[in-house]
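Contents: one structure, followed by commentary.
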Amino acid sequence: MELMAVEVLTEQQIATLPQDAELIGTRWVHAGKNRKTRTKKTIDQEHPLAAKSRIVVQGNQERNSEIRSDSPTASLLAFNLVCAVAVMNE
């Protein structure tokens, strides 16, 4: 709210949405940015917890099958090309 990244809709604004509009849930994801093992007190002192949180939309609730939902990755050829260029520029 402070960064104006979200707007809470009033009942009147919700009523003006198209009839086929769907509400999709959100949830908070909490994670630690520090990947060190936090088992010993000395590790806690040297590498304190660096938490981060973000809000995500629950895409599994969408019904529109036209939206691309996979996570595309580079082909093996593209990966090999990047590795070859990296070795040549070493």
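The values are calculated or read from the model by the stated rules, or taken from the named source; none is laboratory data. Remember, predicted model here, so these are calculated numbers, not experimental data.
Structural remarks
Listed here are the residues, each with its yes/no results for (1) modelled with pLDDT of 85 or more; (2) more than 21 Å from Val57 (Cα to Cα).
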site	(1), (2)
Met4	no, no
Leu17	yes, no
Trp28	yes, no
Asn34	no, yes
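- Test result for Ile67, aliphatic (A, V, I, L, M) and at pLDDT 80 or above: no
- Segment 1-23, subset among the β-branched types (Val, Ile, Thr) and in a loop (DSSP other than H, G, I, E, B), residue farthest from the chain's Cα centre (by Cα): Thr16
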